[in-house]
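This report concerns only the one structure given below.
The values are calculated or read from the model by the stated rules, or taken from the named source; none is laboratory data. Predicted model, so just to flag it, every value in this text is computed and none were measured. All Cβ positions, even for glycine, are placed from backbone atoms using ideal geometry, and neighbour counts span all protein chains on display.
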Amino acid sequence: MSTTPQHKIGSGFGATSTADDVLRGIDLTGRLAIVTGGYSGLGLETTRALTRAGAHVVVPARRPGTAREALHGIEGAETDALDLGDLDSVRAFAERFLASGRTVDLVIDNAGIMACPKSRVGPGWEAQFATNHLGHFALVNRLWPAIEAGGARVVSVSSRGHQFSGIRWDDVHWRGGYDKWEAYGQAKTANVLFAVHLDRLARDAGVRAFALHPGAIITPLQRHLSQQEMFERGWVDENGVPLNPEGFKTPQQGAATQVWAATSPLLDGLGGVYLEDCDIAEPVPEEGAHPSGVKPWATDPGQAARLWALSAELTGVDAFAGRS
């Protein structure tokens with residue numbers, strides 16, 4: 001079975017490209033996108049850019065009222081209730097959407113939490129793994145009939161944080177101890193592995209999947225970090241002002257890679273790879289920290305298949321049962 005090389009393709013875009021830049025000349029009229037968390041931070045910029053290009057965007061939100069306020073005046077955006085940490089909520093959203101009879105052209109799994117205090121959702125699952133990965137896993141599998149009918153692209157928003165940790169197979173839910181950054185890293189690795197295996201399963205149906213790092217951006221994703229923590233990490237000064245503004249992308253630049261992943265004709269026929277700065281990223285060694293690139297544990301097809309099986313067991317959902 002063919003695979004896409006994890007190497008740059010020379011897209012012509014880069015770290016400073018914006019979502020509008022990558023959509024220039026692309027007409028999304030008549031296309032339907034689902035963008036989780038599409039009412040805040042990068043998600044909001046993604047929704048704005050897609051609707052400007054003509055798409056209709058469904059924004060599932062844990063706080064529908066807040067989402068409606070944030071999206072007020074954006075023609076072509078609609079909201080619905082969805083809590084990714086609650087599988088009953090995921091099922092209810094998917095059932096409502098499927099009942100509408102619509103098909104899906106683009107799915108951007110954008111919503112997520114980062115470095116939160118140790119907390120649990122559902123049947124005692126670690127919150128970052130459950131919200132960032134398992135909720136999206138269940139959502140895409142439940143929406144599969146509409147995704148398949150639309151020949152959609154599925155985009156899984158990961159992070160360079162995947163370098164912090166691979167999957168902790170012996171304790172994915174952190175029953176013993178807790179490190180919020182390693183837990184975040186595991187969840188972001190899971191986002192990549194999900195795209196790797198989904199692409200393998202879905203490509204024969206014309207559906208392709210990608211994962212990506214949007215870049216470093218100051219957004220509400222940092223809500224669980226104190227100003228002191230961000231100061232200690234060298235992100236801001238003692239007054240909360242970014243120390244290296246040029247090292248951070250604007251939200252419009254941060255949204256670019258996920259919009260490019262969802263729409264670029266340069267990616268036609270490709271899939272199952274990790275992107276950054278509007279291009280396919282290069283692999284990096286397992287050892288050490290790297291300013292860019294993807295670790296081998298996040299793109300390993302064997303680990304991707306293993307995570308898919310575990311996720312299907314935990315969520316009780318698998319649109320491809322018997323085919324993985």
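State the number of residues belonging to region 76-96 that are within 17 Å of Asp109 (Cα to Cα), in contact with a strand residue (DSSP E or B) (Cβ under 8 Å, 6 or more places away or on another chain) and not aliphatic (A, V, I, L, M). Reasoning before the result, please.
Step one: filter region 76-96 for residues within 17 Å of Asp109 (Cα to Cα), giving 77-87, 89-91, 93-94.
Cutting the leftovers down to in contact with a strand residue (DSSP E or B) (Cβ under 8 Å, 6 or more places away or on another chain) gives us 77-82, 85-86, 89, 93.
Narrowing the set further to residues that are not aliphatic (A, V, I, L, M) leaves 78-80, 85-86, 89, 93.
Adding up the residues that qualify gives 7.
Scanning region 91-118 for residues that are surrounded by fewer than 16 Cβ atoms within 10 Å (Cβ to Cβ) and of a type in the set (Asp, Glu) returns a single hit, Glu95. The single condition from (1) outside any helix (DSSP H, G or I); (2) at pLDDT 95 or above; (3) within 25 Å of Leu275 (Cβ to Cβ) that His173 fails is (3). If you go through region 23-72 and keep only what is among the β-branched types (Val, Ile, Thr) and in contact with an Asp or Glu (Cβ under 8 Å, 6 or more places away or on another chain), you end up with Thr36, Thr51, Val57, Val58, Val59. The residue that is farthest from Val172 (Cα to Cα), counting only those in region 298-324 that are in contact with a Phe, Trp or Tyr (Cβ under 6 Å, 6 or more places away or on another chain) and outside any helix (DSSP H, G or I), is Ala319. When every residue of region 33-52 is checked against the conditions, none turns out to be surrounded by fewer than 16 Cβ atoms within 10 Å (Cβ to Cβ) and of a type in the set (Gly, Ala, Ser).
What do you reckon, is Gly185 small (Gly, Ala, Ser) and closer than 22 Å to Arg323 by Cβ?
no
Of all residues in region 125-140, none are farther than 21 Å from Thr189 by Cβ and in contact (Cβ under 8 Å) with a residue 12 or more places away in the chain. The residues of region 1-14 that are buried (at least 16 other Cβ atoms within 10 Å of the Cβ) and in contact with a helix residue (DSSP H, G or I) (Cβ under 7 Å, 6 or more places away or on another chain), listed by number, are Gln6, Ser11, Phe13.
Among the conditions (1) part of a helix (DSSP H, G or I); (2) among the small types (Gly, Ala, Ser); (3) within 18 Å of Thr315 (Cβ to Cβ), Ala183 misses just one, which is (3). Looking across Val35, Val57, one residue alone is free of Cβ contacts under 8 Å to residues at least 40 places away in the same chain and under 18 Å from the mean Cα position of the chain (by Cα). It is Val57. Across region 119-168, the number of residues qualifying as over 18 Å from Glu276 (Cβ atoms), charged (D, E, K, R) and crowded, with 21+ Cβ neighbours inside 10 Å comes to 2.
For region 151-186, a residue qualifies if it is farther than 23 Å from Leu212 by Cα and in contact (Cβ under 8 Å) with a residue 60 or more places away in the chain, and exactly one does: Tyr178.
Helices (runs of 4 or more DSSP H) fully within region 11-75 that include at least 1 residues being in contact with a strand residue (DSSP E or B) (Cβ under 9 Å, 6 or more places away or on another chain): 41-52, 64-70.
Here Asp88 fulfils each of the conditions (1) of a type outside the set (A, V, I, L, M); (2) surrounded by fewer than 22 Cβ atoms within 10 Å (Cβ to Cβ); (3) on the phi > 0 side of the Ramachandran plot apart from (3). The listed residues are Asp80, Asp86, and the only one of them that is touching a Pro at 6+ places or on another chain (Cβ under 8 Å), under 30 Å from Gly122 (Cβ atoms) and of a type outside the set (A, V, I, L, M) turns out to be Asp80. Meeting the requirement of 1 or more residues that are of a type in the set (S, T, N, Q), modelled with pLDDT of 95 or more and in contact with a helix residue (DSSP H, G or I) (Cβ under 8 Å, 6 or more places away or on another chain), the helices (runs of 4 or more DSSP H) wholly within region 83-159 are 135-142. Inspection of region 38-52 identifies at least one residue that is among the hydroxyl-bearing types (Ser, Thr, Tyr) and either in contact (Cβ under 8 Å) with a residue 60 or more places away in the chain or at positive phi (or both).
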